[in-house]
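The values are calculated or read from the model by the stated rules, or taken from the named source; none is laboratory data. Just so we're clear, the structure is a prediction, and the values are computed from it rather than from any experiment. Note: ideal-geometry Cβ built from the backbone for every residue, glycine included; neighbour counts use all protein chains shown.
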Amino acid sequence: MHQPGVIVLFGSGETAPSGRKAHEYLLARLPAPPKIAILDTPAGFQPNADAVAEKIARFFEHHLQNFHPEVYIIKARGIGDTFDPDDPILVDALLDAAYIFAGPGSPTYAARQLHGTRALANLVERHRAGAILALASAAAIASGRYTLPVYEIFKAGHDLHWAAGLDIFGEHGLELAIVTHWDNREGGAELDTSHCYVGEDRFQRLHALLPPTATVLGVDEHTACIFDFASGTCHVMGKGTVTVLAGGGQAIFRSGESFPIGALRSGSRGFTADSRAP
């Protein structure tokens, strides 16, 4: 029986120096040369989808060259597209990867285009067999059971709601709503863009829409939250913090700190109001 691989969630900065350190930390666990697959679905709707994926590929090839990675792009743009996530010719290359990366784009697009597809099944199969999943920004949001419709709320003014996510963590007993860009400050003094651009006030109302069994995992920008299922712990790396909202309580963890994965499960008593993990 294989041990599932590590999952790392980047709040942002996956190709910045802080993100590079997290990639190095994880790639050091793999035999050389690691095979790295970049799944481009989250940005598949963008006219520059090729450029987005190629930029990330260059990052792995040039900034992590000490690991001599074999990097390739999995084009799985959308259901019914020329690059269909259900096309085995395109997506079965995921089954050779030791490190699978998915990142920027739209969380709801990623969840909608990957749900029930061969691409997602292959990704999950590889993770179960020990491959590392590196999910950044939109892909990280889409990986939870509940997905924040960032563009729909922030740009298009849709009513507050949650969309169905890919629930990658569900088989580990976790009911997560993952929110990247947790500490975003792009709006300056005039506009609160924290909590992935929706702002604290709207996020409090969004939080109230989640079932009480759900756990919110907020990941700051330039910060990584690493799920190590072998040790049963989450480890924080980078410039910021990871915030957990569970069971009416809140816990905040700084870079270098760890907490038990089990404390994120519904019904866990691992967190109380404004506490740290034991």
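Miscellaneous remarks
- Across the range 28-71, the qualifying residues are those that are of a type in the set (Gly, Ala, Ser) and touching a strand residue (DSSP E or B) at 6+ places or on another chain (Cβ under 6 Å), and the one among them that is nearest to Asp96 (Cα to Cα) is Ala37.
- With a requirement of 3 or more residues that are over 24 Å from Arg112 (Cβ atoms), the helices (runs of 4 or more DSSP H) lying completely within the range 137-231 that satisfy it span 199-209.
- Any chance Tyr99 is crowded, with 24+ Cβ neighbours inside 10 Å and of a type outside the set (A, V, I, L, M, F, W, C): yes
- Unmet criterion (only one of (1) more than 23 Å from Gly130 (Cα to Cα); (2) touching a helix residue (DSSP H, G or I) at 6+ places or on another chain (Cβ under 7 Å); (3) not polar (S, T, N, Q)) for Asp92: (1)
Results for (1) modelled with pLDDT of 95 or more; (2) more than 20 Å from Gly44 (Cβ to Cβ); (3) not acidic (Asp, Glu), shown as yes or no for each residue.
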position: Ile132; (1), (2), (3): yes, yes, yes
position: Thr147; (1), (2), (3): yes, no, yes
position: Tyr151; (1), (2), (3): no, no, yes
position: Leu160; (1), (2), (3): yes, yes, yes
position: Glu186; (1), (2), (3): no, yes, no
position: His207; (1), (2), (3): yes, yes, yes
position: Val219; (1), (2), (3): yes, yes, yes
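Condition check ((1) hydroxyl-bearing (Ser, Thr, Tyr); (2) surrounded by fewer than 22 Cβ atoms within 10 Å (Cβ to Cβ)) across all residues:
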| position | (1), (2) |
| --- | --- |
| Thr215 | yes, no |
| Val219 | no, no |
| Asp228 | no, yes |
| Ile252 | no, yes |
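- Exactly one residue among Leu135, Leu120 is touching a strand residue (DSSP E or B) at 6+ places or on another chain (Cβ under 9 Å) and crowded, with 22+ Cβ neighbours inside 10 Å, and that residue is Leu135.
- Residue match in the range 116-129 (condition: touching a residue at least 60 places away in the same chain (Cβ under 8 Å), part of a loop (DSSP other than H, G, I, E, B) and among the hydroxyl-bearing types (Ser, Thr, Tyr)): no
- Some residue of the range 16-31 being crowded, with 16+ Cβ neighbours inside 10 Å and modelled with pLDDT under 95: yes
- Flag for Leu95 being part of a helix (DSSP H, G or I), touching a residue at least 60 places away in the same chain (Cβ under 8 Å), out of contact with any Pro (no Cβ under 9 Å at 6 or more places or on another chain) and under 30 Å from Ile261 (Cβ atoms): no
- Taking the range 41-62 as the range and being touching a residue at least 60 places away in the same chain (Cβ under 8 Å), over 25 Å from Glu24 (Cβ atoms) and of a type outside the set (Phe, Trp, Tyr) as the test, the residues that pass are Thr41, Gly44.
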